[in-house]
Every structure is written in C-alpha cells, then in structure tokens.
Amino acid sequence: MATGPGAFSAYVTHAIERQREQDRPGESVAWMQEKHGPVTEAELAVAEAERREIERWFDEHEAQADGREAA
C-alpha cells in the first residue's frame, strides 16, 4: 500500500489535501467578513455575474481552440 506523509495511506493523504483545498475559500471569506463586514446580496450578485462572464469567456475560447462554436 502506498503511503504519504506520516505513514497515512496515499488515499487518506489525498483526501485530507482535497478537503484542505475546499476549506481555504471558506476561510478566506470568513477572514474578509471579519475584517470588512458581511457580504451583501448586491455584492454576491456582482460576483456571480463576474463568475458567469469568466465561465462564458473560457467556454468561447475553448470552443475556438477546438474549432467549434460556443454553446
């Protein structure tokens, strides 16, 4: 059986690393809210619109690279 740091199995090590990656954004948000106050609904809406725009941009460029039209 493959082992990672601390003699954990590679599977457990990977699962712990993955959970840590998923926890980081939440920790960042909590820190920012402590420092600057809670995120408003308007700010969330702006962030979601930006996320959708970025996703659209990547879809278009991926489609161009594949020689097809974006959905």
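Read the figures in this text as sums done on the coordinates, not as results from a lab. Computed from a predicted structure; not experimentally measured. Cβ sites come from the backbone with ideal geometry, for glycine too, and all protein chains shown count toward neighbours.
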## Note on the structure
Pseudo-spin-label distance TRP57 to TYR11, built 7 Å along Cα→Cβ, given in nm, is 4.1 nm
### Query
What residues of region 19-40 lie in the reach of a label at ALA49, counting those whose backbone N is under 20 Å from a point 7 Å from the Cα along Cα→Cβ?
39-40
